[in-house]
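Asks: The structure that follows is given in the form of structure tokens.
The values are calculated or read from the model by the stated rules, or taken from the named source; none is laboratory data. Just so it is clear, the structure is predicted and the values come from calculations on it, not from any experiment. We place every Cβ from the backbone using ideal geometry, glycine too, and count neighbours over all the protein chains shown. Keep in mind that these areas ignore ligands, DNA and RNA; they rest on the heavy atoms of the full protein, side chains included. Shrake-Rupley method; radii C 1.70, N 1.55, O 1.52, S 1.80 Å.
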Amino acid sequence: MLVLVAPGQGAQTPGFLTPWLDLPGAADRLAAWSDAIGLDLVHYGTQADADAIRDTAVAQPLLVAAGLLSAAALGDVTPGAVAGHSVGEITATAFAGVLSEEAALGFVRKRGLGMAEAAAVTPTGMAALLGGDAENVLPHLEKLGLTPANVNGAGQIVAAGTAEQLAALEADKPEGVRRVVALKVAGAFHTRHMAPAVASLEEAATSLDIADPRFTYVSNADGKTVASGQEIVARLVNQVSNPVRWDLCMETFTELGATALVELCPGGTLTGLAKRAMQGVKTLALKTPADLDAARALIAEHASA
């Protein structure tokens, strides 16, 4: 059984879309999406530097566009399940037919702008904890006033909060944690600090044309499968200020009988987690078009099964 997943913010790197624009029709699609949302995705995906694409308002639409471009390049795919990490859920929503590609990009543009505005209110950030067990890490984060914004499985937890709280974490690590690594994001995503963005997304959601998913959809709010398009969009709205439970998503993939996992562009993060947490499942990350043939072969084997 094939699972198709889409990565979240932080996966982008300067110039990562350059090779994808050589594919037939890709440059035209990206240019049309750029016009529709008022953001030059071609420039940001090919020429902009790391600081420019770290901007939340830029990074989020760029990641969704990249995921949709790479999904289209795969051809006709029928996965057993789809999911996305954080903003990658919007990619998964479009792939599953809950939203059109254009609607998904318009929605993620508003999401990115709203979260960037919320992040500007107070200096906040996120940091990955390397090492340590959840039973030690989670109470320690609570003591410091931090939120476990991403519980990613395979021993990876990402904390989020104010700059002062993250500095306190660096100085006072939980037992077993070797390092605290600051993430290249602009704010404390998936925490109460993002609450102002929720209201704007609630309003944006009222004008969306929503359908039920064509494939089994796994929500990163709790790892549960969701069959209602309306509920999926409601979860997308609330997800902005609530933790991502990718650990529970991977548990669900396993329960559903996953035998292969393909991560859309810019792949790597989620396949790395799957290799550690989903033993025996074949994985493939789409980084460049050079990965497409191997991905198609894996899909043909496991989607048909």
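Asks: Please report the carbon-and-sulfur percent of the accessible area for the stretch 21-85; probe 1.4 Å, protein heavy atoms only, DNA, RNA and ligands left out. Could the numbers behind the result be given before it?
Replies: Working: 1130 of 2370 Å².
Carbon and sulfur atoms account for 48 percent of the accessible area of the stretch 21-85.
Asks: Through the Karplus equation 6.51 cos²θ - 1.76 cosθ + 1.60, θ set to phi - 60°, convert the phi angles of the stretch 73-85 into ³J(HN,Hα) values in whole Hz; use x for Gly and Pro.
Replies: Rounded to whole hertz, the list is 5, 6, x, 6, 10, 10, x, x, 7, 10, 6, x, 8.
Asks: May I pose another question? Filter K143/K287; K110/K282; K184/K275 down to the pairs with a C-alpha to C-alpha distance above 32 Å, please. Working shown, then result.
Replies: Values: K143/K287 39 Å; K110/K282 35 Å; K184/K275 23 Å.
Check vs 32 Å cut-off fails for K143/K287; K110/K282.
Asks: With θ set to phi - 60° and the Karplus curve 6.51 cos²θ - 1.76 cosθ + 1.60, what are the ³J(HN,Hα) couplings of the stretch 17-27 in order, to the nearest whole Hz, using x for Gly and Pro?
Replies: 8, 3, x, 5, 6, 7, 6, x, x, 5, 4
Asks: Same structure, new question: Placing +1 at every Lys and Arg Cβ and -1 at every Asp and Glu Cβ, with all other atoms neutral, what dipole size does the chain have around its Cα centre, in debye to the nearest 20?
Replies: Numbers: 20 positive and 32 negative charges, 93 e Å.
Dipole of the chain, to the nearest 20 debye: 440 debye.
Asks: Let me ask something else. Find the accessible area per residue for the stretch 35-125; the probe is 1.4 Å, ligands and nucleic acids are left out, and the unit is Å². Numbers along the way, then the final one.
Replies: Numbers: 2820 Å² over 91 residues.
Here the residues of the stretch 35-125 average 31 Å² of exposed surface.
Asks: Using a ≥ b ≥ c from the Cα gyration tensor of the stretch 161-305 (square roots of the eigenvalues), is it rounded, prolate or oblate, where a/c under 1.5 gives rounded and otherwise the larger of a/b and b/c decides, a/b for prolate?
Replies: Details: a/c = 1.99, a/b = 1.19, b/c = 1.67.
Oblate shape, in that a/c is at least 1.5 and b/c is the bigger or equal ratio.
Asks: Now, a different point. At 7 Å along Cα-to-Cβ for each site, give me the label-to-label distance between A182 and E202 in nm.
Replies: Calculated label separation equals 3.4 nm.
Asks: Quick check for you: with a 1.4 Å probe and neighbouring chains kept, what is the accessible area per residue of the stretch 129-262, in Å²?
Replies: Details: 6110 Å² over 134 residues.
Roughly 46 Å² per residue, with all protein chains present.
Asks: Out of the GluC sites (Glu not before Pro) in the stretch 76-114, which ones are loop residues according to DSSP with at most 15 other C-beta atoms within 10 Å? Walk me through the numbers before you get to the answer.
Replies: Details: sites: E89, E101, E102; in loops: none.
Passing sites in the stretch 76-114 do not exist.
Asks: Direction-averaged shadow area of the convex hull around the Cα atoms of the chain, nm²? Show your work: numbers first, answer last.
Replies: Details: hull surface 57.0 nm².
The number I arrive at for the chain is 14.3 nm².
Asks: Next question. State whether the stretch 47-111 is rounded, prolate or oblate according to the following rule on the C-alpha gyration tensor (a ≥ b ≥ c being the square roots of its eigenvalues): a/c under 1.5 gives rounded; otherwise a/b larger than b/c gives prolate, and the remaining case gives oblate. Each step should come with its number before you reach the end.
Replies: Details: a/c = 2.16, a/b = 1.69, b/c = 1.28.
Prolate.
Asks: With a 1.4 Å probe and all protein chains left in place, how much of the accessible area of the stretch 116-259 comes from carbon and sulfur atoms, in whole percent? Don't skip to the end; give the middle numbers.
Replies: Working: 3370 of 6700 Å².
Its accessible area is 50 percent carbon and sulfur atoms.
Asks: Sticking with this one: How big is the charge dipole of the stretch 60-170 about its Cα centre, in debye rounded to the nearest 20, if each Lys and Arg gets +1 on its Cβ and each Asp and Glu gets -1 on its Cβ? Intermediate values should be presented prior to the final figure.
Replies: Working: 4 positive and 10 negative charges, 44 e Å.
The dipole of the stretch 60-170 has a size of about 200 debye.
Asks: Which whole-number percent gives the relative contact order of the chain, counting Cα pairs below 8 Å spaced six or more residues apart?
Replies: Values: 661 pairs, mean separation 74.2, N = 305.
Relative contact order, the chain: 24 percent.
Asks: While we're on this one: What shape does the stretch 138-186 have by the C-alpha gyration tensor, where a ≥ b ≥ c are the square roots of the eigenvalues, rounded means a/c under 1.5, and otherwise prolate means a/b greater than b/c and oblate the rest? The partial results should precede the final answer.
Replies: Working: a/c = 1.32, a/b = 1.08, b/c = 1.22.
Rounded, because the longest to shortest axis ratio a/c is under 1.5.
Asks: Under a point-charge model restricted to the Cβ atoms of Lys and Arg (+1) and Asp and Glu (-1), what is the dipole moment magnitude of the stretch 200-305 relative to its Cα centre, in debye to the nearest 20? List each step's numbers first, then the result.
Replies: Working: 9 positive and 13 negative charges, 80 e Å.
For the stretch 200-305, the charge dipole is close to 380 debye.
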